[in-house]
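What follows is a single structure, written as structure tokens, with notes after it.
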Amino acid sequence: MRIDKYLWCIRYFKTRSIATEACKKGQVRVNSVIAKPSKEVFNGEQINVRRNQINYQIVVLDVPKNRIGAKLVDLYRKDITPKEEFERQDLLNYSKDYYRKKGMGRPTKKDRRDIDEYNEES
């Protein structure tokens, strides 16, 4: 089975075209080698997928015949992604909460003072 179709079948991507684009951009590796969308996938191969700033690591257990339900995904792949990847994503999300959201307008007087204080320290 093609790598783009496999990633779509095990629900890592919503559509096959998105999976194909990820392969073309070099975000998918099979056994540490960048994979083209037409690369064939076999049992026991390790796949690295970079999605949403997380490097997922998957081991192929079996190849499904077609797209499967979400409850059956674990029969066809083993997720060996380190927990540090998810923790790093959580830290990134927490750091983004501090900043002003786009379109919130000009800084308040308190924000301005905090910015000036930060610039004086640098």
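Condition first: more than 17 Å from LYS78 (Cβ to Cβ) and aliphatic (A, V, I, L, M). Now tell me which residues in the range 29-53 satisfy that.
Of everything in the range 29-53, those that are more than 17 Å from LYS78 (Cβ to Cβ) and aliphatic (A, V, I, L, M) turn out to be VAL33, ILE34, ALA35.
Quick check on the range 99-110: of everything there that is at pLDDT 75 or above and exposed (fewer than 10 other Cβ atoms within 10 Å of the Cβ), which residue is nearest to ARG50 (Cα to Cα)?
Among residues in the range 99-110 that are at pLDDT 75 or above and exposed (fewer than 10 other Cβ atoms within 10 Å of the Cβ), the one nearest to ARG50 (Cα to Cα) is GLY105.
For the range 51-67, enumerate the residues that are without any contact (Cβ under 8 Å) to a residue 24 or more places away in the chain and charged (D, E, K, R).
ASP62, LYS65
The values are calculated or read from the model by the stated rules, or taken from the named source; none is laboratory data. Fair warning: this is a prediction, and the values are worked out from it, not measured in the lab. Every residue, glycine as well, gets a Cβ built from its backbone with ideal geometry; the counts of neighbours run over all protein chains shown.
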